[in-house]
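The values are calculated or read from the model by the stated rules, or taken from the named source; none is laboratory data. In this text, all values refer to a predicted model and were calculated from it rather than measured experimentally. Every residue, glycine among them, receives a Cβ derived from its backbone with ideal geometry; neighbour counts consider all protein chains shown. Surface areas here come from the heavy atoms of the whole protein model, side chains and all, with no ligands, DNA or RNA. Shrake-Rupley method; radii C 1.70, N 1.55, O 1.52, S 1.80 Å.
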Amino acid sequence: MNYLFDLWDDFISLLFPRICHGCGNHLLRNEKVICTECYILIPRTNFHLKPENPVAQLFWGRCRLEKAAAFSYYTRDSRIRKLIHRLKYKGAREIGRELGRIYGLSLRSSGFLDDIDLVIPVPLHPSKKRIRGFNQSDLIAEGIADPGPMTVEPGLLRRNTKTSTQTKKSRYERWANVEGIFEVTVEEKLKGRHVLLVDDVITTGSTLEACANEILKIEGTKVSVAALAFAVI
């Protein structure tokens, strides 16, 4: 039976070749979304193994985080940059879930997720989400949380104000651009919980800081953050 399935899979691949989103090469039978070469060559930060890592240091003196980490380094020519670009602007949603799943395995095996109660993706403004059709952070969060027991709760944090793009803004301009634009929708669901905030790319950390500070206003909450990439400025 498996032999017949493999033959059918090979036949379908000839008609509709599956392409790696990272390099454009054909995917082999057991590969998903990205090929083995891209999987290996994406540079890992391993920040989840180092409590005082550069992402954590980014938030020192700005907001009280328990843990902070990012999967890879985001540079001009990095594969993770190409993958995130295809996710956000080419509608390749499967990239978000698959990279989230890959990173989630590392976070889980290291104990990083052990005391996390729920996962909240950084929200998009509703108008931007309608245009794009999805929020990339939702997909990444779903991948990280799979197979549980954490739940993904995208509706608990809302973005009220549409902001201009953060690209090319200074650190202060980025902070001012997101100041006060998020709000918690159901405080009771967050009381006494440890929340993992998930985003695609961390640059100055201003967006995550704004989200975290809203959540931390609620009694007994703790916040950690994770992202697919950390921008090397």
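Each stretch of four or more DSSP H residues adds -39500 (n - 2.57); spread over every residue of the chain, this sum gives -11000 deg cm²/dmol at 222 nm. Averaging the sequence gap over all C-alpha pairs within less than 8 Å and six or more residues apart, then dividing by the number of residues, gives the chain a relative contact order of 21 percent. Of the candidates D138, D200, D114, which one comes out as most mobile in a Gaussian network treatment of the chain with C-alpha springs shorter than 10 Å? Ranking D138, D200, D114 by mean-square fluctuation puts D114 first. Considering only beta bridges that DSSP places wholly inside the chain, some 25 percent are antiparallel. The heavy atoms of K222 offer some 80 square angstrom of accessible surface to a 1.4 angstrom probe. A cut-off of 5 Å between modelled amide H atoms, ignoring neighbours fewer than 5 places along the same chain, links L197 with I120, S224, V225, A226.
Around the amide H of S72, modelled in the peptide plane, lie the amide H atoms of T45, A229, F230, all under 5 Å away and 5 or more residues distant in sequence or on another chain.
Taking Cβ atoms as reference points and 11 Å as the exclusive limit, the residues near V33 contribute a net charge of +3, counting Lys and Arg as +1 and Asp and Glu as -1.
Among the chymotrypsin sites (Phe, Trp or Tyr not before Pro) in region 65-113, none is located in a DSSP loop while being surrounded by at most 15 other Cβ atoms within 10 Å of its own Cβ. As a rough guide to protection, the peptides 45-52, 142-149 ranked by mean Cβ packing within 10 Å, highest first, stand as 142-149, 45-52. Between the Cα long axis of helix 79-89 and the first principal axis of the chain there is an angle of about 80°, rounded to the nearest 10.
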